[in-house]
Amino acid sequence: MLKTFKSDIEIIKERDPAARGILEIFLCYPGFQSIVMHRFTHKLWQLKIPLIPRLLSHLNRLATGIEIHPGAKIGKRVFIDHGMGVVIGETAEIGNDVTIYHGVTLGGVSPSEDSASQKDKKRHPTLEDKVIIGSGAQILGPITIGANSKVGSNSVVTKDVESNKSVIGNPARYTIVPNSSGVKKFRAYGLSKGDDSRATVVEKLEKDNSDLRNRIEKLEKLIEENK
């Protein structure tokens, strides 16, 4: 458990230049505080003591602004940056080295269905390792966001996302530029420069058009020379 807490601190120091020390992280980072509390409430949840962990998770929300159901599974080195308004549902699963920004929801899509039949079903998303979720994004339903993928700010995702891809928009769509699993530099907010598919498509069309013009001009020049 102590190793897990240490790794939670290390990821904050690695990804947030504003973090100046361990004491500051303990006292001033609601994302870290909510994760620490959740690890405790999740243990109680696994012991089939539902009321106490639900009460503690409620107090956790009041203190940090982050709502994590005690049934959610959270891996190591998870960083919830700023965190206000983050909601993580009961059957959500989060892998290692994941970063989540404020206003993110890992929620369900079928609240009106019979609660008894939904009780033991997977209703919330799974985030695999090294996923980045931009602020305000809504990840809804029992879908999977593949490893090393990024979700742009304010995107609404209701379908699986492949590994090493970026998605943006409402509904979310793939961008043209894929992520590279070999890139080690951290990118904030789920998008990198050039990831917006609309801008990339236009730029590609302009480049292709320019290349075609150059080829046509060369062909015309050769035809004129051979007359």
Leading residue by the ranking (surrounded by the fewest Cβ atoms within 10 Å (Cβ to Cβ)) among those in region 90-103 that are among the acidic types (Asp, Glu) and outside any strand (DSSP E or B): Glu90
Matching residues in region 49-66 - criterion: being crowded, with 19+ Cβ neighbours inside 10 Å and either within 21 Å of Arg123 (Cα to Cα) or of a type in the set (A, V, I, L, M) (or both): Pro53, Ser57, Ile66
Tally, over region 34-48, of residues that are assigned to a helix (DSSP H, G or I) and open to solvent by 60 Å² or more (accessible area, probe 1.4 Å): 5
First in region 203-227 and within 29 Å of Thr175 (Cα to Cα), second anywhere and loosely packed, with under 10 Cβ neighbours inside 10 Å, Cβ under 8 Å, 6 or more apart: none
Selection from region 78-89 of residues that are open to solvent by less than 50 Å² (accessible area, probe 1.4 Å) and either part of a loop (DSSP other than H, G, I, E, B) or not hydrophobic (A, V, I, L, M, F, W, C) (or both): Val78, Asp81, Gly83, Gly85, Val86, Gly89
Of the criteria (1) over 25 Å from Asp16 (Cβ atoms); (2) at pLDDT 70 or above; (3) open to solvent by less than 60 Å² (accessible area, probe 1.4 Å), which one Ser149 fails: (1)
Qualifying residue in region 60-76 (condition: over 19 Å from Asp129 (Cβ atoms), free of Cβ contacts under 8 Å to residues at least 24 places away in the same chain, not β-branched (Val, Ile, Thr) and not in a helix (DSSP H, G or I)): yes
Residue within region 191-202 that is modelled with pLDDT of 70 or more, surrounded by 11 or more Cβ atoms within 10 Å (Cβ to Cβ) and of a type in the set (A, V, I, L, M) present: yes
Selection status of Ser7, open to solvent by less than 40 Å² (accessible area, probe 1.4 Å), without any contact (Cβ under 8 Å) to a residue 60 or more places away in the chain and at negative phi: no
Answer residue from region 10-33, given it is surrounded by 13 or more Cβ atoms within 10 Å (Cβ to Cβ) and assigned to a loop (DSSP other than H, G, I, E, B) and is nearest to the chain's Cα centre (by Cα) among those: Asp16
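Could you grab me the full set of residues in region 10-28 that are touching a Phe, Trp or Tyr at 6+ places or on another chain (Cβ under 9 Å) and of a type outside the set (Val, Ile, Thr)?
Passing the criteria: Glu14, Arg15, Asp16, Ala19, Phe26.
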Pair list, Cβ < 8 Å and 6+ apart or interchain, from region 18-30 residues that are within 22 Å of Asn60 (Cα to Cα) to residues that are hydroxyl-bearing (Ser, Thr, Tyr): Ala19/Tyr29; Pro30/Thr64
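The values are calculated or read from the model by the stated rules, or taken from the named source; none is laboratory data. What you see is a predicted model, and the numbers here were worked out from it, not measured in a lab. Quick reminder, even Gly has a Cβ in these numbers, built from the backbone with ideal geometry, and neighbours come from all protein chains shown. The accessibility values were calculated without ligands, DNA or RNA, using every heavy atom of the protein model including side chains. Shrake-Rupley method; radii C 1.70, N 1.55, O 1.52, S 1.80 Å.
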